[in-house]
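What follows is one structure encoded as structure tokens, with my remarks underneath.
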Amino acid sequence: MCGIIGVTGADDALDILLDGLERLEYRGYDSAGVALIDHGEVVRVRVADGTHSVATLRRDTEAVDQAFSTGIGHTRWATHGQPNEANAHPHLDCAGHLALIHNGIIENYAEIAEDLVAKGHTMTSATDTEVLAHLIEECTKVEPTLTDAVRRALGMVRGAFAIGVVSASDPELIVAARQVSPLIVGSSGSASYIASDIPALLDRTRELMVIEDGEIVELRPGSIRITDAEGNEVPGRPLDVDWDVEAAQKDGYDDFMTKEIHEQPRAIADTLRGRIGSDGAIELDQLDISPDELAQLRAVTIVACGSSYHAAMVAKYAIERWARLPVDVDIASEFRYRDPVLDKSTLVIGVSQSGETIDTLQAMRQAKAAGAHVIVVSNVVDSSMARDADGVLYTRAGPEVGVAATKTVLAQIVALELLGLYLAQVRSTLSSQKFDDIVHELFELEGVVEKTIERDPAVAHVAQELAHAHDYFFLGRHASFPTALEGALKLKEISYLHAEGYAGGELKHGPLAVIEPGCIVVAIATGGEMKEKILSNVSEVKSRGATVVMLAEDGDELAASLADYLLLVPAMSPLLSPVKDIVPLQQLAYHLARNRGLDVDRPRNLAKTVTVE
Ligand code: G6P
């Protein structure tokens, strides 16, 4: 996820870009840059300074003693290529006349780059974006206008994008386009603007319009012309905005946690994007280990902390079932000190949204020293773990602000399950029918999670009813066991209530002794195979007076009949179920915390990134 902004027809384009980028930092901040048009030249400044990138960009441009009226700016959250200056946007064509900013992922960039290099183009970055700048340059050779060239180029790319393009040869023009990734335009007086999102423009104008998928916009001072994919002019769809800037950064939601819960379908889609070919085969190009080596593996060990550990536990069930490899999942802080037995026949996977958690980082270093091939599943490109590991598999959830992980966890499960399928592919352990069925379901996840999120009012109602409860037990079995652990952890983290997650089979080995009236048992009765056994557990706790919140699949009348409160989710196969089952548990924790008047984004005593032991 990145933030883009552009303006033409203003007196102070540079200030507008910098102010807008500051307000888009919640979309990413590992590097930032601007390109401005000055007397037929493109002036570009880019920086990569971690969380300070936009501030550094402001400092580095202070010396620029010129007034610009047209320019584009970008704040980046890397998905392809490290977050360094060379990979920062805007990207230029070979001639340096055309500059481009992009939010999204160009899936077929590698094949386009190959073709362009053969035609003599020189790439200076490791990004998917730069390829598009050169492709548009190529198209300007056969098209009469920049807009036509952009239209032709976009016809050749696959993926998600919101782009802004400026050219020294038409100095007052910005061409922008959208496919999947968000894009708005606005105007005030002679100034015309583009941006990823409302907060970037709110202090300049409230006359905003949404650009739809497939549309291309030409912005000039005092004019905005929107056309569809065929080039027909279409009317803009005005946006009615009554938010202030802070609310707008949260997309109008009350807090980042709600916003990030709603971003989960996108996080899933982006994590899958470009990794499953049109023939259904999995393509993971940054693992840095050959299919032959993967086929020779004898075991997998996953190390992680917190919610990432729960994502890893889900993956254990999937990898063992699909790739027939033994999988050990360990809490990183335990792994470090237990002298684990490892060699090069074991694949070690670190899982960490931040890529910085000290215990996971050290566990991975130890595994590497022991001769294992180490990869990391991380949400932050070029994080310490990504730099240390032999290979990487990035989740693409965009920056997460809420301390309690939400969208990054779902993206981790999806990424790890993709990896599990890839292992099954290279080891030929699944029939092609089974493989295709799983791929099909992976693609369905985005929509299923969206549907699940929409059921929030039912969860809010249950939370209201449970206002006086203080003890929660979450029970699950098989791949729903980690779901139970994640539900309990979310509740603890943000509501400060006592919550424990248990494997249903362990109930009789202790927890049953503390079940009494007043206890709330959240039973995850989804995912097929083990459902009956969870329902037996439910009978056991009900007969001891517990109140049961049942998470069950649509149409499951038996589960419904045993529930005191029912939370329904769409049905899916057991190994993919955790991705959507975790959603109502996030929402339950959220509402219980909000009802207690707590700050869900910044829970007490906790931190987003834990770089100390
Ligand atoms: C902290 C965060 C959790 C996260 C855990 C592991 O405790 O608050 O949300 O799950 O760290 O972080 P990592 O970045 O390694 O996934």
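The values are calculated or read from the model by the stated rules, or taken from the named source; none is laboratory data. If you're wondering where the values come from, they're calculated on a predicted model, not measured in any experiment. A quick note on method: Cβ atoms are made from the backbone with ideal geometry, for glycine too, and the neighbour counts reach across all protein chains shown. Remember, those area values only see protein heavy atoms, side chains included, never the ligands or the DNA or RNA. Shrake-Rupley method; radii C 1.70, N 1.55, O 1.52, S 1.80 Å.
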Q. Restricting the range 356-377 to residues that are near the ligand (Cβ under 8 Å from one of its atoms) and among the polar types (S, T, N, Q), which is surrounded by the fewest Cβ atoms within 10 Å (Cβ to Cβ)?
A. 357
**Q.** Members of the range 399-422 that are among the acidic types (Asp, Glu) and within 13 Å of the ligand (Cβ to nearest atom)
**A.** 400
Q | Pairs with Cβ under 9 Å, 6+ apart, first in the range 410-427 and acidic (Asp, Glu), second more than 16 Å from the ligand (Cβ to nearest atom) | A | 417/318; 417/319; 417/322; 417/438; 417/442; 417/575; 417/576; 417/579
Q: Kindly indicate whether any position in the range 519-540 is open to solvent by 10 Å² or more (accessible area, probe 1.4 Å), within 30 Å of residue 601 (Cβ to Cβ), in contact (Cβ under 8 Å) with a residue 60 or more places away in the chain and touching a strand residue (DSSP E or B) at 6+ places or on another chain (Cβ under 8 Å).
A: no
Q.
Name the residue that is surrounded by the most Cβ atoms within 10 Å (Cβ to Cβ), counting only residues in the range 232-255 that are touching a helix residue (DSSP H, G or I) at 6+ places or on another chain (Cβ under 6 Å) and not in a loop (DSSP other than H, G, I, E, B).
A. 249
Q) Picking from 440, 461, which residue would you name as being over 14 Å from residue 584 (Cα atoms), open to solvent by 40 Å² or more (accessible area, probe 1.4 Å), part of a helix (DSSP H, G or I) and not acidic (Asp, Glu)? A) 440
**Q.** Matching strands (runs of 3 or more DSSP E) fully within the range 89-208 where at least 1 residues are of a type outside the set (Val, Ile, Thr) and out of contact with any Asp or Glu (no Cβ under 9 Å at 6 or more places or on another chain)
**A.** 98-106, 159-167, 191-195
**Q.** Members of the range 49-78 that are under 30 Å from residue 411 (Cα atoms), in contact with an Asp or Glu (Cβ under 9 Å, 6 or more places away or on another chain) and surrounded by fewer than 21 Cβ atoms within 10 Å (Cβ to Cβ)
**A.** 49, 50, 51, 55
Q: Could you check how many residues of the range 555-590 are among the hydroxyl-bearing types (Ser, Thr, Tyr) and either within 16 Å of the ligand (Cβ to nearest atom) or closer than 15 Å to residue 456 by Cβ (or both)?
A: 2
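Would a scan of the range 53-74 turn up a residue that is within 27 Å of the chain's Cα centre (by Cα) and part of a loop (DSSP other than H, G, I, E, B)? Steps first, please.
Start the filter on the range 53-74 by keeping residues that are within 27 Å of the chain's Cα centre (by Cα), which leaves 53-57, 72-74.
Filter once more, so that each one left must be part of a loop (DSSP other than H, G, I, E, B): none.
No, that holds for no residue.
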Q. Could you list, in sequence order, the residues of the range 520-536 that are among the charged types (D, E, K, R), closer than 22 Å to residue 499 by Cβ and not in a helix (DSSP H, G or I)?
A. none
(Q) Just to verify a result, which residue in the range 26-48, among those that are charged (D, E, K, R) and crowded, with 20+ Cβ neighbours inside 10 Å, is modelled with the lowest pLDDT? (A) 27
Q.
Can you pull out every residue in the range 310-347 that is of a type outside the set (A, V, I, L, M) and over 13 Å from residue 367 (Cβ atoms)?
A. 310, 316, 317, 320, 321, 322, 324, 326, 333, 334, 337
Q) Would you call residue 132 in contact (Cβ under 8 Å) with a residue 12 or more places away in the chain and either farther than 28 Å from residue 83 by Cα or acidic (Asp, Glu) (or both)? A) no
Q. When you go through 571, 546 one by one, which is the residue that is open to solvent by 20 Å² or more (accessible area, probe 1.4 Å) and in contact (Cβ under 8 Å) with a residue 24 or more places away in the chain?
A. 571
Q: Identify the residue in the range 1-25 that is assigned to a helix (DSSP H, G or I) and of a type outside the set (D, E, K, R) and, among all such residues, is surrounded by the fewest Cβ atoms within 10 Å (Cβ to Cβ).
A: 18
Q) Which members of the range 380-395 meet the condition of being touching a helix residue (DSSP H, G or I) at 6+ places or on another chain (Cβ under 9 Å), within 15 Å of the ligand (Cβ to nearest atom) and at pLDDT 90 or above? A) 385, 388, 389, 392, 393, 394, 395
Q | Set 499, 552, 593, 607: member being among the hydrophobic types (A, V, I, L, M, F, W, C), within 16 Å of the ligand (Cβ to nearest atom) and assigned to a strand (DSSP E or B) | A | 499
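Using the structure shown, decide if residue 98 is open to solvent by less than 10 Å² (accessible area, probe 1.4 Å), within 20 Å of residue 13 (Cα to Cα) and of a type in the set (A, V, I, L, M, F, W, C). Don't jump to the end; show me each part of the working.
On the way: open to solvent by less than 10 Å² (accessible area, probe 1.4 Å): yes; within 20 Å of residue 13 (Cα to Cα): yes; of a type in the set (A, V, I, L, M, F, W, C): yes.
Yes; evaluated as a whole, the condition is true for this residue.
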Q. Quick one: which helices (runs of 4 or more DSSP H) sit completely within the range 357-436 and have at least 2 residues that are farther than 24 Å from residue 342 by Cβ?
A. 407-427
**Q.** Hits in the range 367-379 - residues which are under 16 Å from residue 80 (Cβ atoms) and either in contact (Cβ under 8 Å) with a residue 40 or more places away in the chain or among the small types (Gly, Ala, Ser) (or both)
**A.** 378
Q. Restricted to the range 112-138, and to residues that are of a type outside the set (S, T, N, Q) and modelled with pLDDT under 95, which residue is most open to solvent (accessible area, probe 1.4 Å)?
A. 126
Q | Selection status of residue 486, at pLDDT 95 or above and away from the ligand (no atom under 16 Å from the Cβ) | A | no
